Amino acid sequence: MKIIVSPDSFKGSCSAIEVADSIEKAIYDVDSTVNVVKMPVADGGEGTIDAITSCVPADIYELEVCDPMGEQALATYAIIENGETAIIEMAQASGLPMVPVEERNPLVATTYGTGQLMKDALDKGVKKMIIGIGGSATNDGGAGMLMALGASFRNVASIVLKRIENIITAKESHLIIKFIQFSPIKVFFKITNH
């Protein structure tokens, strides 16, 4: 008999791979002759990189980035398809689990760290990106990400802004122009607005 085990993560407690491993162990405790195939899944949030790289060959990169509240943190991303495609998981650099409950503030939180991951992938020559945007602690509309890619935002007094409040003008950079030339950019998320 073959059993396919295909869980998502249990938010805040276990990754999809850890859940799949636990289920596999429970199955083998009952019947060790079963053929268990583990195929973790993700919806664009925590565990997206793990789910994809458990199925396809990938190079994993780790770098220090700015977390949602401006502190330094380590985050990873993957490159697949012989260096052609980057898998970026927003939760790695801008994720809700990175911020203690008492410090969460969407008016301050930034996607800058996600942009740092994207910039690093661009510097490595990727031609496509898949970006999982679930599990984010941010609500800056991607402004922080664009700042990491070189954009600048100014207010009515022409002061360069660090956050998105009172934006009047925006100036792109060569990296943003390179970024928007990607075909296609795919975004993973699970929210549907009606």
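The values are calculated or read from the model by the stated rules, or taken from the named source; none is laboratory data. Treat the numbers as computed from the prediction; the structure is a model and nothing was measured. Cβ coordinates were reconstructed from backbone atoms using ideal geometry, including for glycine residues, and neighbour counts include every protein chain displayed. Each accessible area value is taken on the protein alone, full model and side chains, heavy atoms only, with ligands, DNA and RNA left out. Shrake-Rupley method; radii C 1.70, N 1.55, O 1.52, S 1.80 Å.
Among residues of region 117-130 that are over 15 Å from E62 (Cβ atoms), those with a Cβ under 6 angstrom from a residue that is assigned to a strand (DSSP E or B) and open to solvent by 30 Å² or more (accessible area, probe 1.4 Å), sequence gap 6+ or separate chain, pair up as M129/I185; I130/K186. With the requirement that a residue be closer than 15 Å to A20 by Cα and β-branched (V, I, T), what does region 37-51 give you? Within region 37-51, V37, V41, T48 meet the criteria. Got at least one residue in region 123-144 being under 20 Å from L74 (Cα atoms), open to solvent by 70 Å² or more (accessible area, probe 1.4 Å) and either part of a helix (DSSP H, G or I) or of a type in the set (V, I, T) (or both)? Within region 123-144, one or more residues are under 20 Å from L74 (Cα atoms), open to solvent by 70 Å² or more (accessible area, probe 1.4 Å) and either part of a helix (DSSP H, G or I) or of a type in the set (V, I, T) (or both).
Count, please, the residues in region 90-107 that happen to be over 8 Å from A137 (Cβ atoms) and either open to solvent by less than 10 Å² (accessible area, probe 1.4 Å) or in contact with a Pro (Cβ under 8 Å, 6 or more places away or on another chain) (or both). Residues in region 90-107 being over 8 Å from A137 (Cβ atoms) and either open to solvent by less than 10 Å² (accessible area, probe 1.4 Å) or in contact with a Pro (Cβ under 8 Å, 6 or more places away or on another chain) (or both): 2 in total.
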